[in-house]
Amino acid sequence: MLMIRRVFMNALNIQHWLKLSQAKGVGPVTAMKLVEYWGSVSALWQASLDAWQQASMSPALINALLQVPQSVIDEDCQWADQSGQCILTIDDPAYPEYLRVTSAPPIVLYIKGNPSCLSRLQVAIVGSRRSSYQGRSFAHHLSKGLSNQGVVVTSGLARGIDGAAHQGALVGSSETIAVLGCGLDIIYPSEHRRLASLIEDRGALVSEYRPCTKPKPHHFPQRNRIISGLSHGVVVVEAARQSGSLITVEHALDQGREVFAVPGVAGVASVEGCHGLLRSGATLVEHEGDVLDALGIRSVRGKSLETSSSAARQPSPGGGVSLDSECQMLLECVDYKMTTVDQVIARSALNVAKVNSMLLIIELKGYITRVSGGYVRVD
């Protein structure tokens with residue numbers, strides 16, 4: 001009986017998040033402010049109209065919340081009930097922590113494939129749709145190399161560099177993730193349907209948009225923040241000065257992610273964006289080792305992750321996997337009760353990108369576990 005109640009409450013929680021995500025004009029930042037004010041998404045929807053008005057919610061906001069049709073929510077829940085498909089809400093422990101701590105994370109993710117790969121170490125590879133053969137070849141080779149080191153390669157399923165990156169990862173040994181600017185039942189561009197099917201089998205298709213949502217121009221800049229938000233770093237291969245890939249870079253910089261760029265021939269317009277990034281301090285990439293070294297990662301295999309630090313290893317209380325001195329220091333910032341990422345950042349005085357990267361290492365080595373809202377020490 002208790003199990004049935006838990007399943008029911010979880011389903012109701014998902015419905016509440018879906019309703020909030022479908023309220024017209026309510027973006028993720030406003031949505032999270034509402035949830036924070038009311039204490040939970042369920043409390044928001046359980047409050048009366050009078051309570052909403054007394055909370056100084058505007059008539060336009062109240063109207064937007066009231067006009068979400070239940071039929072839309074039912075359709076999405078039925079979609080998620082199908083095999084290989086699911087919906088992750090931002091309060092779900094399975095929601096990728098690296099994305100959760102960004103400034104405007106999507107409150108709902110629609111997923112086809114394996115949702116667990118969203119929480120694995122990822123590197124994004126992006127670039128021009130109108131790419132050269134050399135650019136696509138390099139993206140394919142780089143992606144394959146990273147994949148063979150156990151890194152999950154994330155991109156946007158677009159023509160050109162994105163497609164080559166996904167294909168390279170599939171030739172390698174790890175997963176690949178495609179973040180779409182449309183619903184997952186509409187593959188765009190259509191010529192990538194076969195590729196999308198392969199990604200679903202060897203990774204995940206991800207979107208913040210409802211399954212049948214058609215692609216629109218303003219969706220893609222929003223999609224880009226998810227690509228960078230999921231990833232430890234973003235590699236740009238072939239980008240002109242006004243390339244949409246540079247929007248992904250802007251998000252990456254705002255999120256504290258590493259930015260990498262691949263150099264090209266001087267004077268060629270299709271690489272001017274990459275050269276601009278290199279002049280601004282992006283890390284130059286010639287092979288996967290440049291990415292791994294900059295991120296401080298030697299290899300990732302399943303749940304085993306090695307840093308490239310040569311610091312002395314501390315003995316593990318479990319008698320197995322040990323931590324280097326830097327990770328050991330960060331471990332001391334995590335309590336045996338729920339500790340938020342913000343608390344860890346404040347205690348360690350490290351930046352958000354460094355903390356998130358190290359927390360992932362410590363989690364994979366079994367010293368902490370992810371819970372709703374943060375981490376708990378378990379060693």
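Residues that are touching a Gly at 6+ places or on another chain (Cβ under 7 Å) and surrounded by fewer than 22 Cβ atoms within 10 Å (Cβ to Cβ) within the stretch 106-116 comprise just one, Asn114.
Give me a count of the residues in the stretch 267-280 that are free of Cβ contacts under 8 Å to residues at least 12 places away in the same chain, of a type outside the set (Ser, Thr, Tyr) and either surrounded by 13 or more Cβ atoms within 10 Å (Cβ to Cβ) or not in a helix (DSSP H, G or I) (or both). Of the residues in that region, 2 qualify.
In the stretch 165-207, of all residues being assigned to a strand (DSSP E or B) and small (Gly, Ala, Ser), the one that is surrounded by the most Cβ atoms within 10 Å (Cβ to Cβ) corresponds to Ala178.
Quick check on Ser131: is it under 26 Å from His275 (Cα atoms) and part of a helix (DSSP H, G or I)? Against the criterion (under 26 Å from His275 (Cα atoms) and part of a helix (DSSP H, G or I)), Ser131 does not qualify.
When the stretch 353-372 is filtered for residues that are within 15 Å of Pro96 (Cα to Cα), touching a residue at least 60 places away in the same chain (Cβ under 8 Å) and either among the acidic types (Asp, Glu) or not in a strand (DSSP E or B) (or both), the ones remaining, listed by number, are Ala353, Asn356, Ser357, Leu359, Leu360, Leu364, Ser372.
Filtered by the rule that a residue be over 20 Å from Ser228 (Cα atoms), surrounded by 15 or more Cβ atoms within 10 Å (Cβ to Cβ) and at pLDDT below 80, the stretch 334-378 gives Glu363, Leu364, Lys365, Gly366, Arg370.
Considering only residues that are closer than 20 Å to Ala80 by Cβ and free of Cβ contacts under 8 Å to residues at least 24 places away in the same chain, which ones fall in the stretch 196-239? Within the stretch 196-239, Ser197 is the sole residue that qualifies.
Collect the residues in the stretch 351-373 that are within 29 Å of Asn10 (Cβ to Cβ) and over 16 Å from the mean Cα position of the chain (by Cα), keeping them in residue-number order. Selection gives Ile362, Glu363, Leu364, Gly366, Tyr367, Ile368, Thr369, Val371, Ser372, Gly373. Of the residues making up the stretch 229-252, none is over 14 Å from Ala124 (Cβ atoms) and outside any loop (DSSP other than H, G, I, E, B).
The values are calculated or read from the model by the stated rules, or taken from the named source; none is laboratory data. Small disclaimer: the values here were computed from a predicted structure and weren't measured. Using ideal geometry, Cβ is built from the backbone for each residue, glycine included, and neighbour counts are taken over all protein chains shown.
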